[in-house]
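Structure, as C-alpha cells:
Only the coordinates and a few stated rules stand behind these numbers; no lab work does. These figures come from a predicted structure and were not determined experimentally. Here Cβ is always computed from backbone atoms with ideal geometry, including for glycine, and neighbour counts include all displayed protein chains.
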Amino acid sequence: MNIIVSLFSFKDIFTPKFLDKILSLILLLILILFTGLRFKVGGDWGPYELIYDQIKTSNYNFFTFFKNLDSLFYLLNYLVSLIGLKHGLILINLIVSAFVFICFYRFIFANYLNFTSFLIFFPYVVIVLMGYTRQSVVLGFLFLILSLDLDKKKLSTIILALISGFFHFSGYFLSFIIFNNFTKKINKDSKFFTFLIPLIMFLIVMLFIYFNLDRIIDKYNYFQKNFTTTSSLIRNFPIFFSCLLFINFRKYFKNNIKNYNFYFKLSILGILLYFSTLLFSTLSDRLLIFLIPLCVLVFSKLLNYFRSTSFKFIYLFSLNIFFVFFLLGWFNFSNSGSSWLPYDILLEPKHKFFNSFIEDVLTFEFTYEKN
C-alpha cells in the first residue's frame, strides 16, 4: 500500500492534470477497501468489537442512544446490528472509512492540493483511521469544515461541529474554530454570529462537560496511567514539523491558501501542544490528531514552492523516505504498534508466508522456511 501511495505522489510531476480526478477516485477506492475491510487489525479493534457485540445482544431502542456519550456512533452500531451480518463491525469500519475519505477528497480539491496529500495522510490512515474509529469520524467532519471559507461559513461550521460531537465528544470543540476571527471589527451583518452563536456553543459545551465530567476524568486518568509519552512524540512529529514549516514559509502560504489566519494560529498551537505532551501525554496527543489537515496542507502545498522538476522530484523522494521511516519507527516504538501487523483483510485468509514476511521485515531479519 505504501508503494502504491508513493507512486501516486509522483503523478503531479509526470502526468497531466486532467487525470487528477479519475486517479484520485481510484486511489480513494483502494484506501477505503484497505481501511474498511481490515479484520482484527488496529489498536482499538478489541474495544470496538466489544461495543458492537454488546449492542447486538442487548435490548436497546432507537431513542436510548441519545442518552449516552457518542450517541450517533452507538446508533450506527445498532442500525448495522439489525442487518444481522456475521462481521457487522466490518461494515461499520467500511462506512466510517468511506465517510472520512470522501471528506478528505473534498478537502484536497477545495484547497487545490496535489497527490502528495495521500502520501502525507497514509501513515495517519493506518494509525488513526485503523485505530481511533470515533475520532476518525470527527476528523472527517473537520476536513469538511476546512473545505469552507471560515470567515463566511460560521453557521455551517457550528452545525458540522455539533453533529460530529455526537460521534465523539471531542467534536464539540471544533465549534471553537469560529473564534478564529473573533477579534475582527464587528459590523452589523456579523453581530448575530459574533455574540449569539458563540454563546450558545459555549453553553452546549459546558453542559456536556457538566453531565459527563466523571467519565471524562476517568478516561483521562486511565490514559495517563496506561500510555507513554514516547509514542505520542513519534506519532506527532510530522505534525510538529509541519507547524514549523508553516511559520517559516508563512509569506508563501499567505498568498497560496485560504483561511491563512486560522492555520497560522493553529501552527503555533500545534507547537505548544507537541511539547505539552511531556506534561499531559494523552490529552495533548488526542488534540494533535486534529492538526492532521494542517500537516497535509503544508507538505502538499510546499511541492509547488519549487519551480524546477528536479527540485520537485528531490522533495517528493525525501518525503517518501521520511514517511516510510516515520511509519516504521512508530510501529517499533509505540506501545501498541504490533496491533496493526500482520495486516489481514476479511476477503482474504491469512497466509503463512505473507505473515512471516511482514514480521521479518519489521525486525529486519530475513529467514527461509521449508514447506
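Key figures for this structure:
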{"item": "Three-way shape call for segment 24-179 based on the alpha-carbon gyration tensor, with the a/c threshold at 1.5", "result": "oblate"}
{"item": "Amide proton proximity set for I345, modelled H, under 5 Å, gap of 5+", "result": "F39"}
{"item": "Trypsin sites (Lys or Arg not before Pro) lying in DSSP loop within segment 265-320, provided at most 10 other Cβ fall within 10 Å", "result": "R307"}
{"item": "Cα gyration tensor shape of segment 33-120, rounded if a/c is under 1.5, else prolate or oblate by comparing a/b with b/c", "result": "prolate"}
{"item": "In order through segment 309-314: 3J(HN,Hα) via Karplus (6.51 cos²θ - 1.76 cosθ + 1.60), integer Hz, x for Gly, Pro", "result": "5, 5, 5, 5, 5, 4"}
